[in-house]
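No value in this document is a laboratory result; all are computed from the given coordinates. All of these numbers come straight from a predicted model, not from anything done at the bench. Don't worry about glycine lacking a Cβ; one is built from the backbone with ideal geometry, like all the others, and counts go over all protein chains shown.
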Amino acid sequence: MEEPYSLGEPAQAVYQRLSAERSSPVDTARDMAHLTIPSEFPPEGYKTGDKIGANNQSIGAWCINTLASALMFMAFPPGRPMLRFEPVEHKLSEEIKQDPQLWGKVKLALARKEIEHRKRAETTPLRSTYTAHLKQLLVAGNCLWQHEKLDNPIAHRMDTYVVKRDAKGQALFSILEETVSLAGMEEDHREVVKTRLSDKLKDVPLWEQTAKIYTVCKLDTEDGERVWHYWQEHEGEVLPGTEVTADFDNPPMYPDWLIPVYGQDWGRSYCEQYRGDLYIVEANSSSLNDGAAIAALCLLFVKPGSRTSAKQVKEAQNLAVLSGSADDITVFRMDKSADFQFVSNHLEQAVRRLSRAFLLQTAIVRDAERVTKEEIARLGNELDKAMGGLYSELAQRTQRHVVLRVVRLHEEEDKSLPPVPEDLIRISVVTGIDALGATTEEDALVSLGGTINAVFGPGTAAKIMDPSDFTRRLSAEKGIQPEGLIKSPEALAQEEEAAMQAAQQQTLLDKAAGPLAGQVGRALGDQLSTNPSQPSEAQ
């Protein structure tokens, strides 16, 4: 029986064998990076500080940055949920019959969990790492998402890992190669690595000693369920304490691809679809840059043997008077303006096509915390049209994995968060457009009350609808905690009872005031009749 934390041979040997099949996709990724953002996929052997081949334009970088920013915004819109916990209604039908307000209570509790996960995610570098991940997908088509700790998500380039997939595109295993400093390793791992270091490295300071660590994530079957086995190796030996078993929907490492190529291990990038226009922009920009350099060159030529002195022309100041003839002096000119105009027009046409593909002209996202649902809907529609359906697939594949991983790591970190019962609660990952579902339900609640009043007369909704349950559901959709802000039914009942008691006391006082006033009047009349000589105050 095969060991769960083993590939049957050292991970290093498997990595070296599969890396040879990765060379062609890696070369294509470097070509696309050269046309867009060279630093996103530097040349092989690149070290910090080395020069990276520069391109002649910034249109490619603008394309990548704009589209990646739009995709990130739609995945994690500010102030909106990144996931929805939806109760399975038919499984709660009996409980709802016994307690009609249960549905609103459940929705409010789930909305609070959504807010807790979102607020915790906002304290991590999730957005910036996800943006870097998207840039790799757009340029190279492949990227490895590693998420062991909640505060440390990492996006790895495709030249640092290998992956093996089945015919349906499902990853069977992935291997990440990292050069790790021994100074940053845990002590027990460091001791395992030191036993295999060569004698030459043993005299090197610890902070200069490095080792190659191979991290493996392998799909396996355990008790009839598909699970992921995750571990780290050094020269074929598993590092102690790194073995982890994860659910199928929550692998610690996820080899992502943008445009799947089923039957192969690597996907295609978005830039490859527009390779021709990117080449046009680069080549024409290079030509225009060279032409601008030539056009900026200014040289004066003096006819040999003429009366005009070249020295006087060179040293003359403005408005100086010289002897000679202006016809003896000519200026170097390049009569290529028409040719360069043709190149410029060709470049502009390619830029317009790229603008539609990468949403360069879609300036509908404001720099604000509160962006209207119309703006989000418009951006989502533009993404769907420009990317030809890739946006929806990306949201349900990449975004779903990232969000589910955040939820799982947050639950492991904070034990006070009870896990969501999967048989009663369905977790749905939402995109920017789908996040409007909460707003839609909110509008539906408000519209329901208005429709009832319009059909049955003003005030009918207040009579037949439960105000507390209505408020609870509306608070859940808006993501607001009603406690301390909205009075509870018990507090409202106490206030109503106190008001009724005060009204009853006032009624009793009003009833008693009439007879008492009569008695006082009669007593005053009797007093005046017995003492007629005393003038009244009225007189």
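How far apart, in nm, are the 7 Å Cα→Cβ label points at residue 9 and residue 301?
Roughly 7.0 nm, to one decimal.
Within the range 164-228, what is the number of lysine pairs with alpha carbons under 27 Å apart, leaving out pairs fewer than eight places apart on the same chain?
Taking the Cα cut-off of 27 Å, the pair count is 8.
If you project the alpha carbons of the range 41-139 onto their three principal axes, what span does each projection cover, largest first, in Å?
On the principal axes, the range 41-139 reaches 71, 24, 22 Å in Cα extent.
In whole Hz, what ³J(HN,Hα) sequence does the range 146-159 give by Karplus (6.51, -1.76, 1.60; θ = phi - 60°), x for Gly and Pro?
Values per residue, Gly and Pro as x: 10, 9, 8, 10, 4, 8, 9, x, 9, 10, 9, 5, 6, 7 Hz.
Debye calculation, C-alpha points only, no solvent: report log10 I(q)/I(0) for the range 169-230 at q = 0.14, 0.20 Å⁻¹, in the same order as the q values.
-0.55, -0.79
Per 0.36 nm of contour for each residue apart, how much would the distance between residue 325 and residue 356 grow if the chain were fully extended, relative to their Cα-Cα spacing?
5.5 nm
Could you quote the convex hull projected area for the range 176-299, Cα atoms only and averaged over all directions, in nm²?
Dividing the Cα hull surface by four gives the mean projection, 15.6 nm².
Output the peptides 392-401, 86-95 sorted from most to least packed, where packing is the average of other Cβ atoms within 10 Å over each peptide's residues.
392-401, 86-95
Translational D (Stokes-Einstein, µm²/s) of the range 72-222 at 4 °C and 1.567 mPa s when Rh comes from the Kirkwood sum over C-alpha pairs?
Result for D is 65 µm²/s.
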